[in-house]
Amino acid sequence: MRLIVVSNRLHVTVEEKEGKLNYKQSSGGLATGLSSYLETMKSRNFEVSEYLWIGWPGSAISAGKRAEVSSELASKYRCHPVFLSEKVMDKFYLGFCNKTIWPLFHYFPTLTNYSAEHWNQYVSVNETFCDAVLEIVKPGDIVWVHDYQLMLLPAMLRKKIPDLAIGYFHHIPFPSFEIFRLLPREWRNSILEGLLGSDLVGFHTHDYTQYFLRAVLRMLGHEHNLGAINCDNHTSVADTFPIGIDYEKFNGASKNPHVQKEIDEFKKASGDKKIILSVDRLDYTKGIINRLRGYELFLERYPQWHGHVSLLSLVVPSRTGVDQYMTMKKQIEEMVGKINGKFGSVSWTPLIYQFRSYSFEALAAAYSASDVGLVTPLRDGMNLVAKEFVASKADGRGVLVLSETAGAAREMGEAIMVNPNDVDEMTLAIKEALELPEEEQIRRNKEMQKRLKRYDISRWAEDFILKLLAVKAERSKLETKLLRGNMKKEMFEKYGKAGSRLLLLDYDGTLVPFANSPEKARPGSKLIETLKKLSAVPGNDVVIISGRERHTLEKWFGGTGIGMVAEHGAWVCEKGGAWHALKPLKNDWKHQIMQIVERCVDRLPGAFMEEKEFAVVFHYRKSDSELSALRVRELRDDLIHFTANADLQILMGNKALEIRCAGVSKEVGGMHFIVANKPDFILSVGDDVTDEDLFKALPETVYSVKVGVERSSARYYLPGFTEVNGLLEEFSNIKFAEKSADSGH
Ligand code: GDG
């Protein structure tokens, strides 16, 4: 089994200069961590034994060089490049990714730009990535898509290859609903639908997972069950996987002579001064300015530390094409000048600022030799620097000061936590960190190290892949029940050979889609024609078995020769007969129940009550999903006291709660036709929990079909009402030999 990793950037950067190609492997972060894990898969006999990486090679490559780059990347790095021009990257990467999604998802709505041109480019680049995957993917492969640049890709792939195993991991925060909804409707719905194309969607923290599930509920109306969301033809699971680091690489770094040399130089330069370290990409989310303000105030408040401490701020260039970044760089440099000018002396530089990239050795040495790690982003998906700093403390000494708004804060509770907007708190935190007793430093770091060691980058990746395989296995199990191929052929043969046949068909969600109000879901002429044609076949009994009240069914299906069961079995009408109740039922309870339901309707905008002869229904399809959940819970509580003493039952339907007489069910309605006609062939189709009553009661030989990808007692399933309509049409086109047709009941 092969794993295809898809990310915006490959872990190799290719540069073309004056006709020459230069290949550089990127260091640190996800790329190296993941690659070293992937390399081990084969030797461990892991189910996934081979991997490929698809992504942009980091720069625009001229048309004449592309074939050479592709072949070099494939043979030496297992990489498959997606070539994108500078113009495209400008609108896609610097545009939609970094001027829309990045600021908004990091809670900077005022920096968010909403350009339709950028959005269109985002869609188009996701399509280009989709084509690149399709060129390479083989049956049985699993695809793992990374990050916010490719949020539409999972659904695009799902559309092309419905049974492909697709995972997606989101490396940045997923914002709360109020922030996410700021995106135009088309964009936000496409993003959610895009992500739901995956079998598994992973986030760093439980909060991000919950925010995603909440957005799915509020915007697409899909509820979830323990993170599992039933989409049109598959289940998508959202779960939390906090990314780890290559722990041993950082913890053992000081054993590397190059790193040790850097450490020695570092210590020589700092003398007996304490060093506070910060490492960030140049980005407004990293809170660099706030941190400098905090440090400035610290120096102002605690002059006793003058000459004894320096802040080493390593800022790594990034996204130089976005204006805000350049403005911020200027601001940082002004502050550095101000702080050094205000407090510095010939023998002491309070703030050492460096704007460049570092080798792993230099970075590891800085982590290892510094006393305090000051990691105070305003918002961060996880923040690996915090983890790397703690892992690098081989002797356990050192203190981490961490923002509570970084994803890493969830796992690093022993750090000194700060609110990055609270300069006072930051000042106190710096002082506390510098003065923390050594035993306490060691105790805290050991605790964190235990966790970092256990849940490292390999464990993270393996956890994700195993969960993806489990979700896929569950889907495959279900797929064996998909009514198609030989199973369908055999069913048609049995149908053709049978002397008498019964087709029990649920209505809403099975033959037609759900509508906002029940009266709008009337059957189309094509469906009526198909049902009439089926019903006209001698020996056939077609029965609509529904929860609807009988007058509506009569209006829609009366006079067509179709049998009907109304109110889940309370009323029955045989082919060409009249309506009659299956058993004597009372409805003197309705008045009181309706008062309770009406009270709830008043408190839930969009909800309404439907009165049937032997049932009362509370409908909430048009209402806000979260408030509905609360009101339904309250209503159930109110009703339970009443129904406990009456012969009533409460039934949870699809966005509806129904109170009806006990002892009425689709089982009773369906069995009535089975017992009366003793048909040779039975088909029973339904999508609802109420259909499960019937599925459970049916003999094993019956073709019971669940509509929707969910666990069910039915023998088979079909994805949706469209497939059911198609199936009925196929049934209606079956020709019967004279003899068989004549022998009908
Ligand atoms: C996203 C999320 C999430 C940085 N400069 C140099 C260098 N680095 C390495 C660090 C670290 C990594 O890059 C940066 O880690 P972050 O966590 O800050 O990641 P982001 O790049 O912002 O990316 C973030 C992450 O994805 C993972 O899911 O944690 O929240 O924004 O590993 O060491 N390494 C070297 N030289 C540098 O100059 N060698």
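Quick note: the coordinates plus some simple rules give every number you see, no bench work behind them. Remember, it's a predicted structure, so these values are computed and weren't measured experimentally. Positions of Cβ are backbone-derived with ideal geometry, glycine not excepted, and every protein chain shown enters the neighbour counts.
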(message) Straight-line reach only, C-alpha to C-alpha below 20 angstrom: list the aspartates and glutamates that K472 could link to, leaving out same-chain residues fewer than 8 apart.
(response) E47, E50, D141, D163, E193, D199, D232, D239, E462, D463, E710
(message) For a protection proxy built on the mean count of beta-carbon atoms within 10 angstrom, sort 438-450, 460-472 highest first, please.
(response) 460-472, 438-450
(request) Determine which aspartates and glutamates satisfy two conditions relative to K261: a Cα distance under 17 Å, and not lying fewer than 8 residues away in the same chain. (result) E361
(message) Just to confirm the number: angle between the C-alpha axis of helix 590-602 and the first principal axis of the chain, 0 to 90 degrees, nearest 10?
(response) 30
(message) Using the Cα centre of the stretch 147-253 as the reference point, and only Cβ charges (+1 on K/R, -1 on D/E), how large is the resulting charge dipole? Debye, rounded to the nearest 20.
(response) 340
(request) Return the inverse of the average 1/r over all pairs of distinct C-alpha atoms in the chain, which is the Kirkwood hydrodynamic radius, in Å to one decimal. (result) 29.9
(message) Restricting to Cα pairs below 8 Å that are 6+ residues apart, what does the relative contact order work out to for the chain? Please round to a whole percent.
(response) 10
(request) Before rounding to the nearest 500, sum -39500 (n - 2.57) across all DSSP H runs of length at least 4 in the chain and divide by the residue total; then give [θ] at 222 nm in deg cm²/dmol. (result) -13000 deg cm²/dmol
(message) What are the ³J(HN,Hα) couplings of the stretch 311-317, residue after residue, when phi is run through the Karplus curve with 6.51, -1.76, 1.60 and θ = phi - 60°? Round to Hz, x for glycine and proline.
(response) 9, 9, 9, 9, 10, 9, x
(request) With +1 on each Lys and Arg Cβ and -1 on each Asp and Glu Cβ, and nothing else charged, work out how big the dipole of the stretch 608-685 is about its Cα centre, in Debye to the nearest 20. (result) 200
(message) Using the Cα centre of the stretch 1-141 as the reference point, and only Cβ charges (+1 on K/R, -1 on D/E), how large is the resulting charge dipole? Debye, rounded to the nearest 20.
(response) 280
(request) May I ask you to list the aspartates and glutamates whose Cα is less than 13 Å away from that of K678, ignoring any residue fewer than eight positions away on the same chain? (result) D541
(request) Rank-order 545-558, 405-418 by packing density, defined as the average count of other C-beta atoms within 10 Å over each peptide's residues, highest first. (result) 405-418, 545-558
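Sort D283, D147 by Cβ crowding within 10 Å, fewest neighbours at the top.
Least to most surrounded, the residues fall as D147, D283.
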(request) Set Lys and Arg Cβ to +1 and Asp and Glu Cβ to -1, take the dipole of the chain about its Cα centre, and tell me which of H146, W102, L402 lies farthest positive. (result) H146
(request) Indicate the gyration tensor shape class of the stretch 282-439 (rounded, prolate or oblate), computed on the Cα atoms with a ≥ b ≥ c the square roots of the eigenvalues: a/c under 1.5 is rounded; otherwise a/b larger than b/c is prolate and the rest oblate. (result) rounded
(request) Given the peptides 421-431, 255-265, 90-100, arrange them by the average over their residues of other C-beta atoms within 10 Å, most packed first. (result) 90-100, 421-431, 255-265
(message) Could you tell me which residue out of I136, G524, I734 lies farthest along the dipole of the chain toward its positive end? Charges go on the beta carbon: Lys and Arg +1, Asp and Glu -1, centred on the Cα centre.
(response) I136
(request) Kindly work out what percent of the DSSP beta bridges joining two residues of the chain are antiparallel, to the nearest 5. (result) 30
(request) Show the residues, 5+ positions off or on another chain, whose built amide H is closer than 5 Å to the amide H of I545. (result) L505, D506, Y507, V565
(request) With unit charges on the beta carbon (Lys/Arg positive, Asp/Glu negative), name the residue among P699, S684, G720 whose Cα is farthest towards the positive pole of the charge dipole of the stretch 668-720. (result) P699
